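Q: Shown below is the structure under consideration.
The values are calculated or read from the model by the stated rules, or taken from the named source; none is laboratory data. Values in this document were obtained by computation on a predicted structure and should not be read as measured data. Every residue, glycine as well, gets a Cβ built from its backbone with ideal geometry; the counts of neighbours run over all protein chains shown.
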Amino acid sequence: MGIAGFPGSGKTTIFNALTGLHADVGLGASSAALKPNLGVLKVPDARVDALADIFSPKKITYAEMTFIDFPDPPTTGGRLDERVLTQMREADALAHVVRAFDDPAQSAPDARRDLESFKTELVVSDLAIVERRLERLKREKGKERERELLDKIREALEAECEIRHLGLSREEETALAGFQFLTSKPRLTVVNVDEAAVAEPAPEAVREFAGAEKLSLVVISGKVEMELSDLDPDDRRNFEKDLGLEESARDRFIQASYGLLNLMSFLTAGEDEVRAWTIRRGEVAQGAAGKIHSDIARGFIRAEVIPYEAMIQYRTEAKCREAGKLRLEGKEYVVADGDVIHFRFNV
């Protein structure tokens, strides 16, 4: 998940608060060859915690996500640097941090304007790639299908329509994958606000734009999250309650990022380990088995599946079986979010 935004939006502050790292913050502060900052975070999952209470395992393992913060040079003129745009193409999805807090060193925030400008920069960057490729295709034969598809993409981008809105077929998406178009990536809007607004909805103009562009929204205060990151869990929760937050903004951000990537978790549970395994939505049982080990997928016999709710209710596999809540599923079973699975296999 790439954390992106214009210089001064506070994206590196949010990155530090999320990861516990200490990347340089401030306009142009990060200048070491413009290297992205990397941090790995555990995805909060109350289901893992609940299963751990039942099984008291030796080990607890949550799903993980890698977050990338893209530092800006000091001379971008308030725009996205071309090198940063290139780095952003490596991310699976983008979290766009938009400034909605006051900063004496900057002009008054205008989140709606920044959202529109950010979209425009992504569109222009993608359009340049399309036009360069179409120019090359004029000299190549036998590429009519690619040319037709890119003409379709160019028309959309010239109309300021992002590629992710086009409803492309799986075949078309595969054909375009190598271009790593920025406007094809899932995008989350992170509204970085002052402490006083941390429990309030995003500004109406921002919500209107997000609705029109089908963008998910998370309101967060980078400054507050930095303060919270130094507290132990109990003090942190009390501070969040004092701010009027029903749940952690940090956790909401991580969970929204996980969902944006079309990811979910199936679970394994026992005395040795309770673990969340990351898969794409729509994954079948044999593919899920391969996430644990390729031998399990190769020698797949069946999946013993217990819905999470049933496991919490009956608390043991034996009682779930007696209650008829344990199902035997084959290779093509589409795994549901939160399924507790035991795979039978033979190699």
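Q: Taking region 282-303 on its own, how many of its residues are touching a Lys or Arg at 6+ places or on another chain (Cβ under 8 Å) and either hydrophobic (A, V, I, L, M, F, W, C) or part of a strand (DSSP E or B) (or both)?
A: Result for region 282-303: 6.
Q: Identify the residue in region 51-60 that is loosely packed, with under 15 Cβ neighbours inside 10 Å and either in contact (Cβ under 8 Å) with a residue 12 or more places away in the chain or assigned by TED's automatic domain parsing to the domain that holds residue 315 (or both) and, among all such residues, is nearest to the chain's Cα centre (by Cα).
A: Result: 59.
Q: A further question on this structure: For region 235-263, name all the residues that are in a helix (DSSP H, G or I), charged (D, E, K, R) and over 23 Å from residue 96 (Cα atoms).
A: Scanning region 235-263 gives 235, 236, 237, 240, 241, 242.
Q: State which residue is surrounded by the most Cβ atoms within 10 Å (Cβ to Cβ) when the search covers only region 7-24 and only residues that are touching a strand residue (DSSP E or B) at 6+ places or on another chain (Cβ under 7 Å), on the phi < 0 side of the Ramachandran plot and not in a helix (DSSP H, G or I).
A: The qualifying residue surrounded by the most Cβ atoms within 10 Å (Cβ to Cβ) is 9.
Q: For the condition in the same structural domain as residue 195 (by TED's automatic domain parsing), surrounded by fewer than 19 Cβ atoms within 10 Å (Cβ to Cβ) and without any contact (Cβ under 8 Å) to a residue 60 or more places away in the chain, what is the one hit in 71, 104?
A: After applying the criteria, what remains is 104.
Q: Determine which single condition residue 111 fails, assuming it passes every other condition in (1) among the small types (Gly, Ala, Ser); (2) over 16 Å from the mean Cα position of the chain (by Cα); (3) closer than 22 Å to residue 258 by Cα.
A: (3)
Q: Next question, about the same structure. Between 146, 90, 140, which is outside any helix (DSSP H, G or I) and not assigned by TED's automatic domain parsing to the domain that holds residue 217?
A: Just a single option satisfies the conditions, and that option is 140.
Q: Right, residue 278: β-branched (Val, Ile, Thr) and not in a helix (DSSP H, G or I) or not?
A: In short, yes.
Q: Taking only region 267-287 into account, find how many residues are over 25 Å from residue 185 (Cβ atoms) and either surrounded by fewer than 18 Cβ atoms within 10 Å (Cβ to Cβ) or not charged (D, E, K, R) (or both).
A: Looking only at that region, the number is 11.
Q: Determine the pairs where a residue that is at pLDDT 95 or above, located within region 302-321, has a partner that is hydroxyl-bearing (Ser, Thr, Tyr) with Cβ atoms under 7 Å apart, the partner being 6 or more residues away or on another chain.
A: Cβ pairs passing all conditions: 303/333; 320/314.
Q: Does region 203-215 include one or more residues that are in a strand (DSSP E or B), at pLDDT 95 or above and under 19 Å from the mean Cα position of the chain (by Cα)?
A: no
Q: When you look at residue 134, is it in contact with a Leu (Cβ under 7 Å, 6 or more places away or on another chain) and of a type in the set (A, V, I, L, M, F, W, C), yes or no? Even if it seems obvious, please write down each step before you answer.
A: Numbers: in contact with a Leu (Cβ under 7 Å, 6 or more places away or on another chain): yes; of a type in the set (A, V, I, L, M, F, W, C): yes.
It is true that residue 134 is in contact with a Leu (Cβ under 7 Å, 6 or more places away or on another chain) and of a type in the set (A, V, I, L, M, F, W, C).
Q: A further question on this structure: Within region 290-344, can you find the residues that are more than 28 Å from the chain's Cα centre (by Cα) and hydroxyl-bearing (Ser, Thr, Tyr)?
A: Answer for region 290-344, where residues must be more than 28 Å from the chain's Cα centre (by Cα) and hydroxyl-bearing (Ser, Thr, Tyr): 314, 316.
Q: Scan region 161-176 residue by residue and report those that are touching a helix residue (DSSP H, G or I) at 6+ places or on another chain (Cβ under 9 Å) and not charged (D, E, K, R).
A: Within region 161-176, 161, 163, 165, 166, 168, 175, 176 meet the criteria.
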